[in-house]
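**Q** Got a structure for you, questions after.
What follows draws every value from the coordinates through simple rules; no lab data is involved. Keep in mind that this is a model prediction, so the values were computed, not measured. Cβ placement follows ideal geometry from the backbone for every residue including glycine, while neighbour counts extend to all protein chains displayed.
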Amino acid sequence: MNDPKLDLRVRPARAGDVVSIFENIGYWAGQGKMLVRPMQNIFENLRDFFVAETVAPDGTATFAGNGALHILWGDIAEVRGLAVAPGVQAQGVGKALVEACEVEARDVGIPTLFAWTYSVGFFEKCGFTLIDKTKDLHPRVWSECLRCPFFVGCNENGLVKRLDGVPMPLNLPEPPPTQVPPGIR
Ligand SMILES: CC(C)(COP(=O)(O)OP(=O)(O)OC[C@H]1O[C@@H](n2cnc3c(N)ncnc32)[C@H](O)[C@@H]1OP(=O)(O)O)[C@@H](O)C(=O)NCCC(=O)NCCS
């Protein structure tokens with residue numbers, strides 16, 4: 001149930017957040033909702049991450065979730081590593097994290113957001129549209145899939161959101177083709 005008193009803030013992640021992010025993703029990976037993310041990967045990509053916190057009336061901040069925006073190419077960035085802490089689901093935390101990613105994409109001039117997910121309904125509420133992953137995928141969205149143990153027979157869904165008012169970057173080069181390991185397809 002929504003807590004009307006929930007005072008939420010979203011800010012760029014700091015090094016001191018990595019253990020919380022790692023444990024939160026690990027928790028949901030254990031529930032089969034997302035892929036596990038090694039701690040080294042979180043440190044290496046820390047500037048992609050946002051952290052949501054609830055703030056008590058006395059100013060005490062409590063970790064409430066994490067999400068990341070990873071730029072794939074000049075026209076597309078992926079919302080990834082999105083996980084709301086157990087106990088604060090369905091109170092707007094996930095949406096606030098996606099909004100932070102969207103603001104960041106606009107700031108750097110990236111016109112399209114992409115997400116791989118099992119939570120299609122949530123991303124649709126955030127303005128994303130389901131795509132046909134057999135034919136509509138940008139070549140760069142496979143970058144992490146190549147390391148994924150579920151690459152063959154993947155049942156995640158791909159969704160995109162075109163950001164109004166953000167033009168395609170000028171002089172955008174064609175992305176290099178994805179290097180798919182032999183025998184995969
Ligand atoms: C999926 C997840 C990110 C959603 O975050 P949340 O904070 O619980 O969701 P919010 O409260 O921000 O919901 C925003 C809207 O989406 C809706 N929504 C949330 N989860 C939904 C779902 N699974 N299916 C359909 N709608 C959903 C909410 O009802 C709300 O709708 P409203 O704007 O009309 O009120 C969160 O539940 C989570 O971390 N789940 C476990 C990990 C996971 O699945 N991560 C996604 C991997 S990409």
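**Q** In whole Hz, what ³J(HN,Hα) sequence does region 167-175 give by Karplus (6.51, -1.76, 1.60; θ = phi - 60°), x for Gly and Pro?
**A** 3J(HN,Hα) across region 167-175, in whole Hz: x, 4, x, 6, 6, 6, x, 5, x.
**Q** Another question, then. Considering the options V19, F150, I110, tell which one lies farthest towards the positive end of the dipole of the chain, charges being +1 on Lys and Arg and -1 on Asp and Glu at the Cβ, about the Cα centre.
**A** So the residue we want is F150.
**Q** Additional query: Within the chain, which is the longest segment containing none of the chymotrypsin sites (Phe, Trp or Tyr not before Pro) that sit in a DSSP loop and have at most 13 other Cβ atoms within 10 Å? Spell out each step's value before the answer.
**A** Details: sites that count: Y118, F150.
Of all site-free stretches, the longest is 1-117.
**Q** Then there's this: Please say if region 27-108 is rounded, prolate or oblate, where rounded means a/c under 1.5 for a ≥ b ≥ c the square roots of the C-alpha gyration tensor eigenvalues, and otherwise the choice is prolate for a/b larger than b/c and oblate otherwise? All intermediate terms of the calculation are to be shown ahead of the outcome.
**A** Details: a/c = 1.80, a/b = 1.29, b/c = 1.39.
Because a/c hits 1.5 or more and a/b fails to exceed b/c, region 27-108 counts as oblate.
**Q** Also, I was wondering about something else. Give the aspartates and glutamates reachable from K33 as a straight Cα distance under 19 Å; neighbours fewer than 8 places away on the same chain don't count.
**A** Once the sequence-local aspartates and glutamates are set aside, what remains near K33 is E23, E78, E124, E144, E156.
**Q** Would you give the gap between the C-alpha center of region 147-174 and the C-alpha center of region 48-76, rounded to a whole Å?
**A** 21
**Q** Which of the trypsin sites (Lys or Arg not before Pro) found in region 1-63 are in a DSSP loop and have at most 12 neighbouring Cβ atoms, other than their own, within 10 Å?
**A** In loop regions of region 1-63 (DSSP not H, G, I, E or B), the sparsely surrounded trypsin sites (Lys or Arg not before Pro) are K5, R14.
**Q** Please report, in debye to the nearest 20, how large the charge dipole of the chain is about its Cα centre when each Lys and Arg carries +1 at its beta carbon and each Asp and Glu carries -1 there.
**A** 300
**Q** Just need the relative contact order of region 8-162 here, percent rounded to a whole number, with Cα pairs under 8 Å and 6+ apart.
**A** Rounded, it is 19 percent for region 8-162.
**Q** To check my understanding: the extent here is largest minus smallest coordinate of the Cα atoms along each principal axis. What are those three numbers for the chain, in Å, largest first?
**A** 54, 38, 30
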